[in-house]
Amino acid sequence: MSSSAPSSSAPAARGKGVLRSLGPSLITAAVVIGPGTITVASKLGAGLGYAMLWVILLSVGFMWLFTTMAARVAILNKDSLLSVAARLYGRPLAMLVGVLAFVVTTAFQLSNYLACATALTALTGLREDVWIAVVGAGGLFFLIVRQLYRFAERAMSVLVFAMVVAFFANMVVARPDWAAVAGGVVPSAWPGGFTTLIMAMVATTFSVIAALYQGALAQHKGWTEADLGLSRREAALGLGLLATISCVIMITAGTVLRGAEVNSAAVMAEQFRPVLGPVAVWMFSLGFLAAGFSSVVINPMVGGGLLSDGLGLGAGVDGKWPRVLTAAGMLAGMATAYVTLQSGSAIEGIVWAQRTTVLAVPLCAAVLILMANDRRAVGVHRNGWIANTVAGLALAVLVTLNVMRLLG
């Protein structure tokens, strides 16, 4: 984490930096907007139309606040984020946050493997469980040979971009009811029978663990106190992209798939049929595969890095223990994906993995709120009353979802 700090005397240069390199917040958004987002938004759109668009917008708003809090704590301290937590509140609490982060990213890793498997099954006809080991081995290979992963990542980015463009095009051609879409951004009653999906939507969009990792990315970039404004703008840019694409997916599904049972990549691919016709399954499956595999290496790096940091073993992404724990997260995700396929479908497994992550995050959110209000961590840059009110509301939502999860 020794990259040089940007010049504080050139605000214009910082602005150009946003355009030249979309920055840590866009990387965080890329981790969040994976196959889980695509699957859950598609299933909600098919089941409820546009009615839950407000859930996406609210969750992204929460995500922006927690992302900027994590970046602020990291930028204003020389130590890594969980090292700051250990110094202020004790190593056991930092260790617990690290363990919870590892558990959450392992669940997300499970959904990445299942997404890759269901996409490959749609493309080849081979069983999904056949592909788990293949995808897992590929992820471990790219973890070791990082240079090759950069080339593969560019190719996958092209496929994901093409899939996003296809979603936009099909949304326009499908001609949604824009008055109903506008009504969907207004909070409405919680529909019965869809609690699991709504929980999964919140969990996959408002990822406190990805927000925590934002701190490590901002610190690795060498940002200083002068860059706090830049960190907020980049967060808005990256998460605005997340919100836009998630809403487009839900609108497209609400128009094309309304009433359908979304239980495979082939069904989700029907969203592309208005524009792509018979090649819709191929186009969607390739994009879905790219969305899953692009996170197969990055996602466990989040969990491995935060667990290593919490244990006091180092926080650098290239350190020995972060890499070892990243590999452990990959193997754990592979094993749980294989077990999940023995008891249910890949699509339902993805939804289950997304909603389960909400169980681990309230404590992580509370610790981040504490640090963002602690003068020893952020000095005069503490949260204002508005930020604390919204953060408190976000924490209350997470706790409420946990209670509903446990009671349901």
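The values are calculated or read from the model by the stated rules, or taken from the named source; none is laboratory data. Everything quoted here is computed from the prediction, not taken from an experiment. Cβ atoms come from the backbone with ideal geometry, glycine included; neighbour counts cover every protein chain shown. Keep in mind that these areas ignore ligands, DNA and RNA; they rest on the heavy atoms of the full protein, side chains included. Shrake-Rupley method; radii C 1.70, N 1.55, O 1.52, S 1.80 Å.
Regarding the stretch 228-246, can at least one residue be identified that is farther than 25 Å from Ile56 by Cα and either over 19 Å from the mean Cα position of the chain (by Cα) or part of a helix (DSSP H, G or I) (or both)? Don't jump to the end; show me each part of the working.
Kept after step one, since they are farther than 25 Å from Ile56 by Cα, are these residues of the stretch 228-246: 228.
The next check asks that each one be either over 19 Å from the mean Cα position of the chain (by Cα) or part of a helix (DSSP H, G or I) (or both); those that pass are 228.
Yes: the stretch 228-246 contains one or more residues that are farther than 25 Å from Ile56 by Cα and either over 19 Å from the mean Cα position of the chain (by Cα) or part of a helix (DSSP H, G or I) (or both).
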Residue check: is Thr28 more than 22 Å from Thr252 (Cβ to Cβ), surrounded by 24 or more Cβ atoms within 10 Å (Cβ to Cβ) and either modelled with pLDDT under 90 or small (Gly, Ala, Ser) (or both)?
yes
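Run down Ala94, Ala162, Ala122 and say which single residue is more than 21 Å from the chain's Cα centre (by Cα) and open to solvent by 30 Å² or more (accessible area, probe 1.4 Å).
Working: Ala94 fails: open to solvent by 30 Å² or more (accessible area, probe 1.4 Å); Ala162 fails: more than 21 Å from the chain's Cα centre (by Cα).
The conditions single out Ala122.
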Of residues in the stretch 72-87 being out of contact with any Leu (no Cβ under 8 Å at 6 or more places or on another chain) and in a helix (DSSP H, G or I), the one most open to solvent (accessible area, probe 1.4 Å)
Arg87
Would a scan of the stretch 363-377 turn up a residue that is touching a helix residue (DSSP H, G or I) at 6+ places or on another chain (Cβ under 8 Å), modelled with pLDDT of 85 or more and in a loop (DSSP other than H, G, I, E, B)?
yes
Out of (1) hydroxyl-bearing (Ser, Thr, Tyr); (2) farther than 25 Å from Leu363 by Cβ; (3) surrounded by 19 or more Cβ atoms within 10 Å (Cβ to Cβ), the one Ser188 does not meet is (3)
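In the set Ala387, Ala353, Ala360, Ala365, which member is in contact with a Leu (Cβ under 7 Å, 6 or more places away or on another chain), in contact (Cβ under 8 Å) with a residue 60 or more places away in the chain and surrounded by fewer than 18 Cβ atoms within 10 Å (Cβ to Cβ)? Step through it out loud before you land on a result.
Working: Ala353 fails: surrounded by fewer than 18 Cβ atoms within 10 Å (Cβ to Cβ); Ala360 fails: surrounded by fewer than 18 Cβ atoms within 10 Å (Cβ to Cβ); Ala365 fails: surrounded by fewer than 18 Cβ atoms within 10 Å (Cβ to Cβ).
Sole residue among the options that is in contact with a Leu (Cβ under 7 Å, 6 or more places away or on another chain), in contact (Cβ under 8 Å) with a residue 60 or more places away in the chain and surrounded by fewer than 18 Cβ atoms within 10 Å (Cβ to Cβ): Ala387.
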Testing Gly379 on (1) on the phi > 0 side of the Ramachandran plot; (2) surrounded by 15 or more Cβ atoms within 10 Å (Cβ to Cβ), one condition comes back false. Which one is that?
(2)
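Regarding Leu393, is this residue among the aliphatic types (A, V, I, L, M) and either surrounded by fewer than 15 Cβ atoms within 10 Å (Cβ to Cβ) or not in a helix (DSSP H, G or I) (or both)? Walk me through it before giving the result.
Working: among the aliphatic types (A, V, I, L, M): yes; either surrounded by fewer than 15 Cβ atoms within 10 Å (Cβ to Cβ) or not in a helix (DSSP H, G or I) (or both): yes.
Spelling it out, Leu393 is indeed among the aliphatic types (A, V, I, L, M) and either surrounded by fewer than 15 Cβ atoms within 10 Å (Cβ to Cβ) or not in a helix (DSSP H, G or I) (or both).
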Anything in the stretch 249-288 that is under 19 Å from Glu348 (Cβ atoms), in a helix (DSSP H, G or I), modelled with pLDDT of 85 or more and open to solvent by 30 Å² or more (accessible area, probe 1.4 Å)? List them, or say none.
Val267, Glu270
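Does Phe168 meet the test of being open to solvent by 10 Å² or more (accessible area, probe 1.4 Å), under 19 Å from Ile245 (Cβ atoms) and modelled with pLDDT under 85?
Numbers: open to solvent by 10 Å² or more (accessible area, probe 1.4 Å): yes; under 19 Å from Ile245 (Cβ atoms): yes; modelled with pLDDT under 85: no.
It is false that Phe168 is open to solvent by 10 Å² or more (accessible area, probe 1.4 Å), under 19 Å from Ile245 (Cβ atoms) and modelled with pLDDT under 85.
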What's the number of the only condition in (1) buried (at least 22 other Cβ atoms within 10 Å of the Cβ); (2) at pLDDT 85 or above; (3) within 26 Å of Gly45 (Cα to Cα) that Gly238 fails to meet?
(2)
